[in-house]
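Asker: Please read through the structure below; I'll follow up with questions.
The values are calculated or read from the model by the stated rules, or taken from the named source; none is laboratory data. On a predicted model such as this, the values are computed, not experimentally measured, just so you know. Positions of Cβ are generated from backbone atoms using ideal geometry, with glycine treated the same way; all protein chains shown enter the neighbour counts. Ligands, DNA and RNA are stripped out before the accessible areas are found, and what is left, the full protein with its side chains, is counted by its heavy atoms. Shrake-Rupley method; radii C 1.70, N 1.55, O 1.52, S 1.80 Å.
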Amino acid sequence: MLLPSLYGLDADGLLPEDLAIVATARSKLDDAAFRAVAGKALERFVDADRLVPEKVTRFLGRLRYVALDASNPEHFGALTGAIGSTAQSGLSIFLSTAPSLFAPMISGLKASGLAGGNVRLALEKPLGHDLLSSRLINDAVASAFPEDRTFRIDHYLGKETVQNLLALRFGNTLFEPLWNAQHIDHIQITVAETVGLEGRVGFYDDAGASRDMVQNHMLQLLALVAMEPPAHFNATGVRDEKVKVLRSLRPIDKATVASHSVIGQYGDGAVGGKPVPSYVTELGKASRTETFVALKAHVDNWRWKGVPFYLRTGKRLPSRRSEIFIQFKAVPHSIFAERGTSVQPNKLVIGLQPEENIRLLVMAKEPGLDRQGIRLREVPLDLSMATAFADTRRRIAYERLLLDLIGGDPTLFVRRDEVEAQWEWIDRIRDGWEANGMTPKPYGAGTWGPSAAIGLAERDGVSWHD
């Protein structure tokens, strides 16, 4: 995502002319070798019609490479030398590394003079594995970078449809008056993956679905759905309102975790018509790590009192899909019942991936003379982002986030108190699983998780939107 995003920005003339990109890792490469790697990456991940030779050459010319072992303080001198005087006009550092390396990396940057007042630091997840480890990382970061120069990335916040959620709510009088417990029956958030471990064996088995997806992406989506209107669309206003939601989440602890959560682990099955092995076969050993989580959550404030939020995410599910599904309440009285027809509650479906679209399901009358009674049918009002904005190139989420990092706009990045509120809620759930001896229930690859997940919703008369 990173090199194609930076290339896309450069190709469109959105990067400063004198911007240099210095990459660093432990691999022993020089500038030419890294540029060759980058060139192959662009050929693989960027559409051919956008690979304009002179633009590719210009972009590759921006790239430099420094081999660095974060655990060795002496290596940072070479990095400082490579960056040189260009840092004086502003420096943005993007760290994507193991949690154990954040502290030594920060220490090395600080000792080598790369943590001055004109330096911003972006952090890619995972930011710890629980509240305590997250605080240790945040403390290490804060020792060199104040909060206003710290940019924690959740790439979901860079997706166009996620931002369109705010436009939908706060830019239209149609929805915001209905966006509350009086008019909404329940909300579902689904992040489904068809892939398995995909080379993330060590990380994923330590994390599981709760830490990998729920703690960050799904809780950020929930916060955006449930937040109050900020006074201004800026970093402080948006993030203040998200924190209020996260702090209003009703705890799911050892007393309620059995009735409000389901965990699963995929077994053998088929996805997309092809057989796939079980999680433990892919992993190569026995494991109690959950690859599927379903939760019933509540936001305990006036707006959402009594409205359940159903969250589910998992690997090896039937389709790759991320969406927010909002079920409105039924009309209080149907005038059509005596005429032989029923009225279905309205539904709003916000698709995040693989296609970005917004679909509102409304009731309409079927054409006809109605001699056997009036017939109503649920019909969609579709807004396809690709169709509505066909003349605008669809951006990779990281393009926006990297450009905001370079420009110093933290609105779409996650603040420390958000991260810690998310970890506090997840830690209670995981402690509840441990206290109750809950282990993942098996489900076949290519299905929608354990049957207990269906029961989690159906006990309330709710069906998952599959």
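Asker: Is there a residue in the stretch 286-294 that is basic (K, R) and assigned to a loop (DSSP other than H, G, I, E, B)?
Answerer: We begin by selecting, within the stretch 286-294, every residue basic (K, R); these are 288.
With assigned to a loop (DSSP other than H, G, I, E, B) added as a condition, the list becomes 288.
Scanning the stretch 286-294 turns up at least one residue that is basic (K, R) and assigned to a loop (DSSP other than H, G, I, E, B).
Asker: Taking the conditions exactly as written (among the small types (G, A, S) and open to solvent by 50 Å² or more (accessible area, probe 1.4 Å)), does G273 satisfy them or not? Show your work before the answer.
Answerer: On the way: among the small types (G, A, S): yes; open to solvent by 50 Å² or more (accessible area, probe 1.4 Å): yes.
Considered against the rule, which asks whether it is among the small types (G, A, S) and open to solvent by 50 Å² or more (accessible area, probe 1.4 Å), G273 comes out as yes.
Asker: Something else about it: Does V243 qualify as being modelled with pLDDT of 95 or more and open to solvent by less than 20 Å² (accessible area, probe 1.4 Å)?
Answerer: Numbers: modelled with pLDDT of 95 or more: yes; open to solvent by less than 20 Å² (accessible area, probe 1.4 Å): yes.
Here the answer is yes, as V243 does meet what is asked.
Asker: Among (1) closer than 28 Å to L222 by Cα; (2) in a helix (DSSP H, G or I); (3) not aromatic (F, W, Y), where does V280 come up short?
Answerer: (1)
Asker: Quick one: in the stretch 158-181, which of the residues that are in a helix (DSSP H, G or I), in contact with a strand residue (DSSP E or B) (Cβ under 9 Å, 6 or more places away or on another chain) and within 19 Å of W304 (Cβ to Cβ) is least open to solvent (accessible area, probe 1.4 Å)?
Answerer: Looking at the filtered set, the residue picked out is L165.
Asker: Among the residues of the stretch 182-209, which ones are farther than 30 Å from A98 by Cα, assigned to a strand (DSSP E or B) and not charged (D, E, K, R)? It would help to see each step written out before you state the result.
Answerer: Start the filter on the stretch 182-209 by keeping residues that are farther than 30 Å from A98 by Cα, which leaves 182-188.
Within this subset, residues satisfying the condition of being assigned to a strand (DSSP E or B) are 184-188.
Those that are farther than 30 Å from A98 by Cα, assigned to a strand (DSSP E or B) and not charged (D, E, K, R): I184, H186, I187, Q188.
Asker: Kindly indicate the residue of the stretch 183-223 that is at pLDDT 95 or above, over 18 Å from the mean Cα position of the chain (by Cα) and farther than 14 Å from K296 by Cα and also surrounded by the fewest Cβ atoms within 10 Å (Cβ to Cβ) among those meeting that condition.
Answerer: Checked the stretch 183-223; the qualifying residue surrounded by the fewest Cβ atoms within 10 Å (Cβ to Cβ) is H183.
Asker: Working only within the stretch 413-452, note down all residues that are basic (K, R) and either surrounded by 18 or more Cβ atoms within 10 Å (Cβ to Cβ) or under 23 Å from the mean Cα position of the chain (by Cα) (or both).
Answerer: So the first thing to find is which residues in the stretch 413-452 are basic (K, R), and the list is 415-416, 428, 430, 441.
Correct list: R415, R416, R428, R430.
Asker: Restricting the stretch 45-61 to residues that are at pLDDT below 90 and not aliphatic (A, V, I, L, M), which is least open to solvent (accessible area, probe 1.4 Å)?
Answerer: Of everything passing the filter in the stretch 45-61, R50 is least open to solvent (accessible area, probe 1.4 Å).
Asker: A41: more than 25 Å from the chain's Cα centre (by Cα) and either modelled with pLDDT of 90 or more or at negative phi (or both), yes or no? Before the answer, list the steps.
Answerer: Working: more than 25 Å from the chain's Cα centre (by Cα): no; either modelled with pLDDT of 90 or more or at negative phi (or both): yes.
When the stated conditions are applied, A41 does not pass them.
Asker: Suppose we keep only residues that are open to solvent by less than 10 Å² (accessible area, probe 1.4 Å), in contact with a strand residue (DSSP E or B) (Cβ under 7 Å, 6 or more places away or on another chain) and not aliphatic (A, V, I, L, M) within the stretch 137-153. Which one would you say is nearest to P354 (Cα to Cα)?
Answerer: To start, the set of residues in the stretch 137-153 that are open to solvent by less than 10 Å² (accessible area, probe 1.4 Å) comprises 138, 141, 145, 150-152.
Within this subset, residues satisfying the condition of being in contact with a strand residue (DSSP E or B) (Cβ under 7 Å, 6 or more places away or on another chain) are 141, 145, 150-152.
Keeping just the survivors that are not aliphatic (A, V, I, L, M) gives 145, 150-152.
On the way: F145: 36, T150: 30, F151: 26, R152: 24 Å.
Out of the qualifying residues, it is R152.
Asker: So, one more: Could you list, in sequence order, the residues of the stretch 22-34 that are crowded, with 19+ Cβ neighbours inside 10 Å and either of a type outside the set (V, I, T) or within 14 Å of T57 (Cα to Cα) (or both)?
Answerer: A23, F34
Asker: Considering the stretch 313-328 alone, what residues qualify as being out of contact with any Phe, Trp or Tyr (no Cβ under 9 Å at 6 or more places or on another chain), surrounded by 15 or more Cβ atoms within 10 Å (Cβ to Cβ) and not aliphatic (A, V, I, L, M)? First the steps, then the outcome.
Answerer: Keep residues of the stretch 313-328 that are out of contact with any Phe, Trp or Tyr (no Cβ under 9 Å at 6 or more places or on another chain), which gives 319-321, 323-324, 327-328.
Right, trim to surrounded by 15 or more Cβ atoms within 10 Å (Cβ to Cβ) and you get 321, 323-324, 327-328.
Matches in the stretch 313-328: R321, E323, Q327, F328.
Asker: Also, I was wondering about something else. Might you check whether a residue that is acidic (D, E), closer than 21 Å to I252 by Cβ and either open to solvent by 60 Å² or more (accessible area, probe 1.4 Å) or in a helix (DSSP H, G or I) (or both) occurs anywhere in the stretch 386-398? Walk me through it before giving the result.
Answerer: Taking the stretch 386-398 and keeping what is acidic (D, E), we get 391.
Then drop every residue that is not closer than 21 Å to I252 by Cβ, which leaves none.
No, that holds for no residue.
Asker: While we're on this one: Considering only the stretch 295-346, state which residues are in contact with a Lys or Arg (Cβ under 8 Å, 6 or more places away or on another chain) and either without any contact (Cβ under 8 Å) to a residue 12 or more places away in the chain or of a type in the set (D, E, K, R) (or both).
Answerer: Within the stretch 295-346, D300 is the sole residue that qualifies.
Asker: Taking the stretch 284-309 as the region of interest, how many residues are out of contact with any Leu (no Cβ under 7 Å at 6 or more places or on another chain) and either on the phi < 0 side of the Ramachandran plot or of a type in the set (S, T, Y) (or both)?
Answerer: So the first thing to find is which residues in the stretch 284-309 are out of contact with any Leu (no Cβ under 7 Å at 6 or more places or on another chain), and the list is 284-293, 298, 300-308.
Then drop every residue that is not either on the phi < 0 side of the Ramachandran plot or of a type in the set (S, T, Y) (or both), which leaves 285-293, 298, 300-305, 307-308.
Final tally of qualifying residues: 18.
Asker: Right, here's the next one. Which residue, of V225, V201, V214, is in contact with a Lys or Arg (Cβ under 9 Å, 6 or more places away or on another chain) and touching a residue at least 60 places away in the same chain (Cβ under 8 Å)?
Answerer: V225
Asker: Of the conditions (1) in contact with a Gly (Cβ under 8 Å, 6 or more places away or on another chain); (2) open to solvent by less than 20 Å² (accessible area, probe 1.4 Å), Y310 fails just one. Which one is it?
Answerer: Here Y310 meets the rest and fails (1).
Asker: Could I ask something else about it? For the stretch 291-302, check the following and say yes or no: at least one residue is crowded, with 19+ Cβ neighbours inside 10 Å and of a type in the set (S, T, Y). Can you show your working first?
Answerer: First pass over the stretch 291-302, keeping only residues crowded, with 19+ Cβ neighbours inside 10 Å: 291-297, 299.
With of a type in the set (S, T, Y) added as a condition, the list becomes 291.
Scanning the stretch 291-302, I find at least one residue that is crowded, with 19+ Cβ neighbours inside 10 Å and of a type in the set (S, T, Y), so the answer is yes.
Asker: Among the residues of the stretch 58-75, what is the count of those that are in a helix (DSSP H, G or I) and hydroxyl-bearing (S, T, Y)? Spell out how you get there, then give the answer.
Answerer: Kept after step one, since they are in a helix (DSSP H, G or I), are these residues of the stretch 58-75: 58-62, 73-75.
Narrowing the set further to residues that are hydroxyl-bearing (S, T, Y) leaves none.
Number of matching residues: 0.
Asker: Could you tell me which residue of the stretch 78-91 is modelled with the highest pLDDT, considering only residues that are open to solvent by less than 50 Å² (accessible area, probe 1.4 Å) and at negative phi? Even if it seems obvious, please write down each step before you answer.
Answerer: Going residue by residue through the stretch 78-91, those that are open to solvent by less than 50 Å² (accessible area, probe 1.4 Å) are 79-80, 82-84, 87, 90-91.
When the remaining residues are screened for being at negative phi, the result is 79-80, 82-83, 87, 91.
Values: L79: 88, T80: 87, A82: 85, I83: 86, A87: 55, L91: 91.
So the residue we want is L91.
Asker: Still on this structure, I have one more. Could you tell me which numbered condition S463 fails, if it satisfies all but one of (1) open to solvent by 50 Å² or more (accessible area, probe 1.4 Å); (2) touching a residue at least 12 places away in the same chain (Cβ under 8 Å)?
Answerer: Only one criterion in (1) open to solvent by 50 Å² or more (accessible area, probe 1.4 Å); (2) touching a residue at least 12 places away in the same chain (Cβ under 8 Å) is unmet by S463, namely (2).
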